[in-house]
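Single-structure report; data block below.
The values are calculated or read from the model by the stated rules, or taken from the named source; none is laboratory data. Small disclaimer: the values here were computed from a predicted structure and weren't measured. With ideal geometry, Cβ positions are generated from the backbone for all residues, glycine too; neighbour counts draw on all protein chains shown. Side chains included, ligands, DNA and RNA excluded: accessible areas come from the protein's heavy atoms. Shrake-Rupley method; radii C 1.70, N 1.55, O 1.52, S 1.80 Å.
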Amino acid sequence: MTQNLADTPRPLSADTTPAGEPSRWWRDAVIYQVYPRSFADANGDGMGDLPGVRSRLPYLRDLGVDAVWLSPFYASPQADAGYDVADYRAVDPMFGTLLDADALIRDAHELGLRIIVDLVPNHSSEQHEWFQRALREGPGSPLRERYHFRGGKGENGELPPNDWESIFGGPAWTRTTNPDGTPGDWYLHLFAPEQPDFNWDSPAVADEFRSILRFWLDMGVDGFRVDVAHGLVKAPGLPDLGSHDQLKLLGNDVMPFFDQDGVHEIYRAWRRILDEYPGERIAVAEAWTPTVERTANYVRPDELHQAFNFQYLGTAWDAAELRTVIDSSLAAMRPVDAPATWVLSNHDVTRHATRFANPPGGTQIRERGDRELGLRRARAATLLMLALPGSAYVYQGEELGLPDVTDLPDEVRQDPSFFRASGQDGFRDGCRVPIPWSGTAAPYGFGPAQGGPSWLPQPAEWAELSVEAQTGDPTSTLELYRSALAIRRADAALGAGSEVTWLPAPEGVLAFRRDSFVCLVNTTGAAVPFATEGRLLLSSTEQGEPGALAPDSTSWWAV
Ligand code: NOJ
């Protein structure tokens, strides 16, 4: 599957800063997440692909983002939409070829965009060559040490080795069949059974991932998003959790399989590799930890550069709660001198336009809610996020104000957790529906032919939300994002630093100053009298009467 790239000119780096000399581009970068299967489909098979992404890079440059993070496009049976990797150095034919990846990286750099790729080190696909050999060779195979194989409990080994549950529901263990057909050992999979967990105590695993890092760094990528960064190291002996309510504990407690202190050694080794390359290559941790303080451990100066701020993502549209999480996020990052990050949506949670359309209730919402209210708050939440110091993540389609598709019929769903009993996140397909680009009929420019396929159906009302329909309409969400990102680019102070100065504000309102910039947020459903001064730069909605903040709105002021 590997193509010969020897004759291809190497990608230009977006940044010629020599190795070891920080340009710090990432500290206030706006990073746009592309979910390749749902972004743009160049060959018309209903599945987005790398040539599709490449053709839309000018759109991303004009939107005003700094970098693009691509969810996995590697060779994969797609049991978990590519987060089950069979070959870490090959592009899945569904998405294109390695040459397409090379061309994409090169084009992005020419446009001044950086490319961040996903790295999935906690588990492979069951189709990975190592795992297949481990199964074939049976007990005693040295390949089995690269995963967690264990004998079962019970008289005949018929019970799983411990009480851990899969994040997608059901036991975290699956029993194997020996080459002679008899029931064999069990293997650990914190996610789907098709995603066996690597054993990071095995030197072969650590060596392999250092080599994979170098492979993509040599291809010219500017960084990595590290999947399940908190999961690689398991507590010695794989002790029972001792609880039957694991999902409740997740994210609230240190678990024997998450956020173990040993993971940090791995990231120190990776940081040394990243620092060998010119142009400041970075890594961002997907680390679900109980507190922002524990998240900060992943971004100590000799570890990774950023970590997603899931505490922020999970915060309700409420001034007091937002202020608390903003303060605690900034405070947690200061001692380690890492930038805070901010994120409202991604491919695993209900889009924020739908979360805010409903009463607060976590990140998995199944109801359509009040669309108008949700969009109004989503626009306001975005302007708040983009006014905060640090780096911000934008998930494809949020710039169009897309809601989740909450009424997908069961027969089109593909999220593996939907099919496993009582799993977390069973409805992630709703935020993964392909993007509407243009036209009045599905797939709305996602694929080349009108009436052509898309792997998930798009709702009829998405014609009005397409890039084409919103472009040039000053009231559209797309133009709001374009204006906000242009202002953020022009005024470097907007994302810089690590402080906000809170100004006195009535209940339900957030007011803060950053240099000569003031951000005012009204999280209530009523206009709030507020004496504003300075020049209005941008507002998420019509501001209405002078001297008052419109309901559910954010405005930016130059003072
Ligand atoms: C986190 C990814 O974002 C999610 O989509 C995936 O299912 C799990 N990790 C497992 O890789």
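The single condition among (1) open to solvent by 40 Å² or more (accessible area, probe 1.4 Å); (2) over 30 Å from Gly44 (Cβ atoms) that His189 does not meet is (1).
Of the strands (runs of 3 or more DSSP E) that lie entirely inside the range 494-559, those containing 3 or more residues that are more than 25 Å from Glu372 (Cβ to Cβ) span 509-514. When each of Ala81, Ala108, Ala67 is tested for being within 16 Å of the ligand (Cβ to nearest atom), of a type in the set (A, V, I, L, M) and buried (at least 19 other Cβ atoms within 10 Å of the Cβ), the lone residue that passes is Ala81.
Filtered by the rule that a residue be part of a helix (DSSP H, G or I) and either within 18 Å of the chain's Cα centre (by Cα) or within 17 Å of Arg351 (Cβ to Cβ) (or both), the range 51-72 gives Val53, Leu60.
Within the range 345-367, the residues that satisfy the criterion of being within 15 Å of the ligand (Cβ to nearest atom) and either open to solvent by less than 10 Å² (accessible area, probe 1.4 Å) or farther than 21 Å from Ser71 by Cα (or both) are Ser345, His347, Val349, Thr350, Arg351. Taking first residues from the range 260-282 that are farther than 20 Å from Asp207 by Cβ and partners that are assigned to a helix (DSSP H, G or I) and among the hydrophobic types (A, V, I, L, M, F, W, C), the Cβ contacts under 8 Å between residues at least 6 apart in sequence or on separate chains come to Glu280/Trp25; Glu280/Trp26; Ile282/Trp26; Ile282/Leu274.
Scan the range 169-191 for residues that are touching a His at 6+ places or on another chain (Cβ under 9 Å) and either small (Gly, Ala, Ser) or part of a loop (DSSP other than H, G, I, E, B) (or both) and the total you get is 4. Residues considered: Thr382, Thr350, Thr341. Of these, the only one that is under 17 Å from the mean Cα position of the chain (by Cα) and more than 14 Å from Glu398 (Cβ to Cβ) is Thr341.
Residue-wise test of (1) modelled with pLDDT under 95; (2) assigned by TED's automatic domain parsing to the domain that holds Val30; (3) crowded, with 19+ Cβ neighbours inside 10 Å.
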position: Val467; (1), (2), (3): no, yes, yes
position: Thr471; (1), (2), (3): no, yes, no
position: Thr475; (1), (2), (3): no, yes, no
position: Gly495; (1), (2), (3): yes, no, yes
position: Ala505; (1), (2), (3): no, no, no
position: Asn522; (1), (2), (3): no, no, yes
position: Ala527; (1), (2), (3): no, no, no
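Restricting the range 241-256 to residues that are in a loop (DSSP other than H, G, I, E, B) and either aliphatic (A, V, I, L, M) or modelled with pLDDT of 95 or more (or both) leaves a set whose member that is nearest to the chain's Cα centre (by Cα) is Leu250.
If you go through the range 194-222 and pick out every residue that is open to solvent by less than 30 Å² (accessible area, probe 1.4 Å), part of a loop (DSSP other than H, G, I, E, B) and within 16 Å of the ligand (Cβ to nearest atom), you end up with 3. Of all residues in the range 253-305, those satisfying the criterion of being of a type in the set (Gly, Ala, Ser) and farther than 23 Å from Leu330 by Cα are Gly262, Ala269, Gly279. Quick check: anything in the range 404-427 of a type in the set (S, T, N, Q), open to solvent by 10 Å² or more (accessible area, probe 1.4 Å) and more than 16 Å from the ligand (Cβ to nearest atom)? Yes, there is a match, as at least one residue in the range 404-427 is of a type in the set (S, T, N, Q), open to solvent by 10 Å² or more (accessible area, probe 1.4 Å) and more than 16 Å from the ligand (Cβ to nearest atom). Evaluating Gly140 against the criteria (1) farther than 17 Å from Phe191 by Cα; (2) away from the ligand (no atom under 15 Å from the Cβ); (3) touching a residue at least 12 places away in the same chain (Cβ under 8 Å) leaves one unmet condition, (3). Being assigned to a loop (DSSP other than H, G, I, E, B) and more than 29 Å from Gly112 (Cα to Cα) is the filter here; which residues of the range 257-279 pass it? Residues satisfying the conditions are Phe257, Asp259, Gln260, Asp261, Gly262.
For Val254, the stated conditions do not hold, so it cannot be described as within 16 Å of the ligand (Cβ to nearest atom) and surrounded by 15 or more Cβ atoms within 10 Å (Cβ to Cβ). When the range 280-296 is examined, which residues are found to be within 16 Å of the ligand (Cβ to nearest atom) and either over 17 Å from Phe224 (Cβ atoms) or not in a strand (DSSP E or B) (or both)? Glu286, Ala287, Trp288, Thr289, Thr295 - these are the residues of the range 280-296 that are within 16 Å of the ligand (Cβ to nearest atom) and either over 17 Å from Phe224 (Cβ atoms) or not in a strand (DSSP E or B) (or both). Evaluate the following for Gly231: is it open to solvent by less than 20 Å² (accessible area, probe 1.4 Å) and part of a strand (DSSP E or B)? Considered against the rule, which asks whether it is open to solvent by less than 20 Å² (accessible area, probe 1.4 Å) and part of a strand (DSSP E or B), Gly231 comes out as no. If only residues of the range 122-178 that are out of contact with any strand residue (DSSP E or B) (no Cβ under 7 Å at 6 or more places or on another chain) and surrounded by fewer than 13 Cβ atoms within 10 Å (Cβ to Cβ) are counted, the one that is nearest to Gln195 (Cα to Cα) is Glu129. What about Pro403, is it assigned by TED's automatic domain parsing to the domain that holds Tyr59, touching a Leu at 6+ places or on another chain (Cβ under 8 Å) and not in a helix (DSSP H, G or I)? Taking the combined requirement at face value, the residue satisfies it.
For every residue, the table says whether it meets (1) within 24 Å of Asp410 (Cβ to Cβ); (2) assigned to a loop (DSSP other than H, G, I, E, B); (3) away from the ligand (no atom under 16 Å from the Cβ); (4) in the same structural domain as Arg56 (by TED's automatic domain parsing).
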{"position": "Gly430", "(1), (2), (3), (4)": "yes, no, no, yes"}
{"position": "Ile435", "(1), (2), (3), (4)": "yes, yes, yes, yes"}
{"position": "Ser438", "(1), (2), (3), (4)": "no, yes, yes, yes"}
{"position": "Tyr444", "(1), (2), (3), (4)": "yes, yes, yes, yes"}
{"position": "Pro448", "(1), (2), (3), (4)": "no, yes, yes, yes"}
{"position": "Ser454", "(1), (2), (3), (4)": "yes, yes, yes, yes"}
{"position": "Gln458", "(1), (2), (3), (4)": "yes, yes, yes, yes"}
{"position": "Ala463", "(1), (2), (3), (4)": "no, no, yes, yes"}
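Considering the conditions (1) under 25 Å from Thr341 (Cα atoms); (2) assigned to a loop (DSSP other than H, G, I, E, B), Leu480 is excluded by exactly one of them, (2). Of the residues screened, Thr315 is not one that is within 16 Å of the ligand (Cβ to nearest atom), open to solvent by less than 40 Å² (accessible area, probe 1.4 Å) and β-branched (Val, Ile, Thr). Of the numbered criteria (1) more than 28 Å from the chain's Cα centre (by Cα); (2) at pLDDT 95 or above; (3) more than 18 Å from Glu126 (Cα to Cα), the one Ala206 fails is (1).
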